[in-house]
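The values are calculated or read from the model by the stated rules, or taken from the named source; none is laboratory data. Since the structure is predicted, the reported quantities are computational estimates derived from the model, not experimental observations. Positions of Cβ are backbone-derived with ideal geometry, glycine not excepted, and every protein chain shown enters the neighbour counts.
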Amino acid sequence: MNDMSTSAQGFAPDPEVRTSSLRIGCIGAGMIMAECHLAAYKEAGFPVAAIASRTQARAQGVADRYGIPTVHPTPETLIEDPSIEILDIAYPPDQQPALIRHALRQPHIKGILAQKPLALTLADAISLRDEAAAAGKILSVNQNMRYDQSMRVLKQILDRGDLGEIVFAQIDMHAIPHWQAFLEDYDRLTLANMSVHHLDVLRFLFGDPDEITTITRKDPRTTFEHSDGITVSTLRFPSGVLALSLEDVWSGPREGGYTDDQHIGWRVEGTDGVAKGTIGWPTGAASTLSYASKRTTDGEWITPSWGTMWFPHAFVGVMEQLQHAVATGTPPALSVADNVKTVALIEAGYRSIAERRTVRLDEIDIR
């Protein structure tokens, strides 16, 4: 394979930072906020003005680490702080809607970045979409896999037509995500909280599917009660693309003496070429991509390279797209209206599991 810089190939694995001046208030002080959001914001120069969490002491520790000047005693008092322009939420999804609604009532809040899943039910997600529109606020959802470097470059390859007509795609995960403790109290696990990344990025790459078929089994290696452990979803798109998303969220034994091989791979096949790669977060590495095209590489494999990773660098793009939307009055790349379609896809997957059948997306009402 030929290694080549992304610039030499005309690819942009990371977005340009066009806007970075709006003051951010962060809610949450767990791993995602402390290791991803704030690390990315520091690198990009985004001004973080305040932080709050469920415990003020934990928020203070994160504030001290990143030099955040204000620690609020509660998320609500942070939302009411008139100096905050962008609200960044990393909080359990059962508690997130109330925080979003409180923010929608504040005249000084110009944009809100919510975590995914946006809400625990499709009805709540639709209500939040409509309430944000009525309030004239920009509500964006943190579907950060769209900013993974391999996914961005893959999208650029697809948009150029290098692979010809796309025939088949797959994402194959065998790795343990960071299961936050609050997930143990929900009746939905993998599809809503891990597959949401993969199903959303398949929408990003190929548009909205016509139908989904999902099967699941409980995973005896997962130590808390759950309904959906290992999940396998197949999606059919109007273009004819057939896609598979597999989430094995334990990936082998965990006893001492066993050397695991956690990994996430992906592959896209077209009539004129193939692209394949890895998602690097299970091993703390950069994601990878290689492709070969009859149209543009003479059938030779090309491997673009970059020095950034999904965690934390993708979170630069997520916040930047919201900052830029607020500053320019243009729609965000990650709009709540678009995200409702991802929530609907998850809902269709759960209906498929429950009814043991293929579910068409037009069965799911998102009006």
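Here are the numbers for this structure:
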read-out: Per-region count, the stretch 334-367, residues over 13 Å from the mean Cα position of the chain (by Cα) and part of a loop (DSSP other than H, G, I, E, B); value: 7
read-out: Of all residues making up the stretch 88-122, the number that are charged (D, E, K, R) and without any contact (Cβ under 8 Å) to a residue 12 or more places away in the chain; value: 0
read-out: Verdict on residue 272 being more than 21 Å from residue 149 (Cβ to Cβ), in contact with a strand residue (DSSP E or B) (Cβ under 9 Å, 6 or more places away or on another chain) and surrounded by fewer than 19 Cβ atoms within 10 Å (Cβ to Cβ); value: yes
read-out: Unique residue being of a type in the set (D, E, K, R) and in contact with a strand residue (DSSP E or B) (Cβ under 8 Å, 6 or more places away or on another chain) when the list is 228, 200, 187, 208; value: 228
read-out: Subset of the stretch 81-101 [surrounded by fewer than 17 Cβ atoms within 10 Å (Cβ to Cβ), of a type outside the set (S, T, N, Q) and over 25 Å from the mean Cα position of the chain (by Cα)]; value: 82
read-out: Yes/no for residue 20 being in contact with a Phe, Trp or Tyr (Cβ under 7 Å, 6 or more places away or on another chain) and of a type in the set (S, T, N, Q); value: yes
read-out: Evaluation of residue 163 against (1) of a type outside the set (Ser, Thr, Tyr); (2) part of a loop (DSSP other than H, G, I, E, B); (3) under 30 Å from residue 84 (Cβ atoms) (one fails), failing number; value: (3)
read-out: Residue 52 being at pLDDT 95 or above and either out of contact with any Cys (no Cβ under 6 Å at 6 or more places or on another chain) or within 19 Å of residue 334 (Cβ to Cβ) (or both); value: yes
read-out: Scope the stretch 73-87; condition in contact with a helix residue (DSSP H, G or I) (Cβ under 6 Å, 6 or more places away or on another chain) and without any contact (Cβ under 8 Å) to a residue 24 or more places away in the chain; matching residues; value: 73
read-out: Matching residues, the stretch 192-208, being more than 14 Å from residue 170 (Cβ to Cβ) and touching a Leu at 6+ places or on another chain (Cβ under 9 Å); value: 192, 193, 196, 200, 203, 208
read-out: Criterion: outside any loop (DSSP other than H, G, I, E, B), at pLDDT below 95 and not assigned by TED's automatic domain parsing to the domain that holds residue 138 - qualifying residue of 253, 282; value: 282
read-out: The listed residue being more than 22 Å from residue 116 (Cα to Cα), polar (S, T, N, Q) and touching a helix residue (DSSP H, G or I) at 6+ places or on another chain (Cβ under 8 Å), out of 288, 259, 271, 223; value: 288
read-out: Hits in the stretch 1-31 (condition: closer than 30 Å to residue 303 by Cα and modelled with pLDDT of 95 or more); value: 11, 12, 13, 14, 15, 16, 17, 18
read-out: Number of positions in the stretch 178-221 that are of a type in the set (Phe, Trp, Tyr) and assigned to a loop (DSSP other than H, G, I, E, B); value: 2
read-out: Criterion violated by residue 125 - all others in (1) of a type outside the set (Phe, Trp, Tyr); (2) touching a residue at least 12 places away in the same chain (Cβ under 8 Å); (3) surrounded by fewer than 24 Cβ atoms within 10 Å (Cβ to Cβ); (4) assigned to a helix (DSSP H, G or I) satisfied; value: (3)
read-out: So residue 217, is it farther than 24 Å from residue 154 by Cα, modelled with pLDDT of 95 or more and surrounded by fewer than 18 Cβ atoms within 10 Å (Cβ to Cβ); value: yes
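Residues checked against (1) outside the structural domain of residue 237 (by TED's automatic domain parsing); (2) assigned to a helix (DSSP H, G or I):
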| site | (1), (2) |
| --- | --- |
| 118 | yes, no |
| 134 | yes, yes |
| 140 | yes, no |
| 156 | no, yes |
| 169 | no, no |
| 176 | no, no |
